[in-house]
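Below is one structure, written out as structure tokens; comments come after it.
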Amino acid sequence: MLPPLTAIPSHVASVSDYRELARERVEPGAWAYLEGGAADEISAAQNLTSFDSCRIIPRHFRDFSNAHTRTELFGRRYAHPIFVAPTAYHRLFHPEGELASLLGATALEAGFTLSTLASASLEEIGAQKTAGLWFQLYIQHDREFTLELVGRAEKAGYEALVLTADAPLSGLRNREQRAGFQMPAHISAVNLKGMRPQAPAQQIFGSELLKQSPTWNDLAWLAENTRLPIILKGVLHPDDARSALDHGASGIIVSNHGGRILDTTPTPFEVLPVIAKAVAGAAPVLVDGGIRRGSDIFKALCSGADAVMIGRPILHGLAAAGAVGVAHVIKMLRTELEMTMALAGCPDLSSVNPGFLLEKR
Ligand SMILES: Cc1cc2nc3c(=O)[nH]c(=O)nc-3n(C[C@H](O)[C@H](O)[C@H](O)COP(=O)(O)O)c2cc1C
Ligand SMILES: CCCCCCC(=O)C(=O)O
């Protein structure tokens, strides 16, 4: 494996250029974990192409004297609508792990979500006192421990909980199986230390894991037990978006988990308009999955998203060049978004609308 880069090679022109730089630096099993999707990886692949057939219709001679990408979510102002999605075990990809990712994101003013399955303690990350730091929560079978985790996140200064709904079980990770991926002994989900252990599942139906998996009542229970806004991640159906708001969520993330859980779901970009319509401005809507260009971000915003989240490209940047790589990935996306807006004739996010897209969305 090559060591992380200390300077960015001059041929790196877009986010996708980081993929190969990362692949050369990540052990093959960990690469299968990073890149892979569920089963035949149909959703993971379709996420990447789902923006391509959507066309932008540029408008001309607009006033750009006060152009910006600022936005406000959950009472906090952000310089732009690009957020780092929660991803597990960053130390698999770089020795400085989540701390390096956070530093890179912070340098580019991007919101950052720490995974429940982070390889760094939530207190260590919270101690950086970063604005726009969110904590992703997997509700654990041990509900008491779950509440302790939430209390720790509140105390450490996290500003929102991203509650992931789409993974009551892990997906069928055939690529990982074929690569023989095993978590190295020195990397673990350190924030789950001390939790009451759960019996390993021998089957799916009838397993304790599934019997204890969260329901809408758990969302309502969580909302009653935290002062933080809850953003429900993994929504692909408009009725689930409405149900989320009815049960106490303050925001929605349209996501198929990067195609890593259930294969052959629709892509988030496909279902985004119908979900944004169902939410009807009652709460912020974010989207992730397959976003690799500023033009993808623009199309998502035109289709009803208030902001977007980026998963694998952040890990590619991290593996290639640590904090600098993460910052560079976000910088390229930010610049491409501004360029797309400038060329499309859209000076700020309040001017973004479906009229910039050829397809009726
Ligand atoms: C290696 C990896 C680990 C992930 N871990 C988590 C996680 O711990 N919690 C979570 O809610 N989503 C997790 N995700 C899903 C991301 O948050 C996000 O939904 C997805 O990566 C977006 O798609 P993209 O990678 O195409 O940008 C993970 C994704 C990857 C690639
Ligand atoms: C029971 C859910 C396991 C998911 C593991 C972490 C994750 O979200 C991902 O790898 O994707």
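Every number in this text was worked out from the coordinates using simple rules, so none of it is lab data. Just so we're clear, the structure is a prediction, and the values are computed from it rather than from any experiment. For neighbour counting, all protein chains shown are included, and Cβ atoms are generated from backbone atoms with ideal geometry for every residue, glycine included.
Can you bin the range 45-90 into rounded, prolate or oblate? Criterion: square roots of the alpha carbon gyration tensor eigenvalues sorted a ≥ b ≥ c, rounded for a/c under 1.5, prolate for a/b above b/c, oblate for the rest. Each step should come with its number before you reach the end.
On the way: a/c = 3.50, a/b = 1.16, b/c = 3.00.
Judged from the Cα gyration tensor, the range 45-90 comes out oblate (a/c at least 1.5, b/c at or above a/b).
Expressed as a rounded percentage, what relative contact order does the chain have, with Cα pairs under 8 Å and six or more residues apart?
Details: 731 pairs, mean separation 101.5, N = 361.
Computed over the chain, the figure is 28 percent.
Measuring from centroid to centroid over Cα atoms, what is the spacing of the range 139-184 and the range 1-46 in Å?
Their Cα centres are 23 Å away from one another.
Please list, by residue number, every one of the chymotrypsin sites (Phe, Trp or Tyr not before Pro) in the range 198-229 that is coil in DSSP and has at most 10 other beta-carbon atoms within 10 Å. Don't jump to the answer; show the numbers that get you there.
On the way: sites: 205, 216, 221; in loops: 205.
Sparse-neighbourhood loop chymotrypsin sites (Phe, Trp or Tyr not before Pro): 205.
For the range 188-212, list residues with backbone N below 15 Å from a point placed 7 Å from the Cα of residue 148 toward its Cβ?
Residues passing the 15 Å test: 190-198.
Which of rounded, prolate or oblate describes the range 203-291 when judged by the alpha-carbon gyration tensor and an a/c cut-off of 1.5?
Oblate, since a/c reaches 1.5 and b/c is not below a/b.
Relative contact order for the range 209-361: what is it in percent, counting Cα pairs under 8 Å that are at least 6 residues apart? Kindly include the intermediate steps, with their values, before the conclusion.
Working: 225 pairs, mean separation 26.3, N = 153.
Relative contact order, the range 209-361: 17 percent.
Once whole DSSP H runs in the chain are found, which of them have Cα atoms spread over 24 Å or more along the helix axis and a mean Kyte-Doolittle score of at least 0.5?
312-344
Extending each Cα 7 Å along its Cβ direction at residue 24 and residue 66, get the distance between those two points in nm, one decimal.
A separation of 4.7 nm, rounded to one decimal place.
Of all DSSP beta bridges located in the chain, what percent are antiparallel, nearest 5? Spell out each step's value before the answer.
On the way: 4 of 30 bridges.
Antiparallel bridges: around 15 percent, rounded to the nearest 5.
Compute the separation of the alpha-carbon centres of the range 237-267 and the range 304-361 and state it in Å as a whole number.
Rounded to whole Å, the Cα centres lie 21 Å apart.
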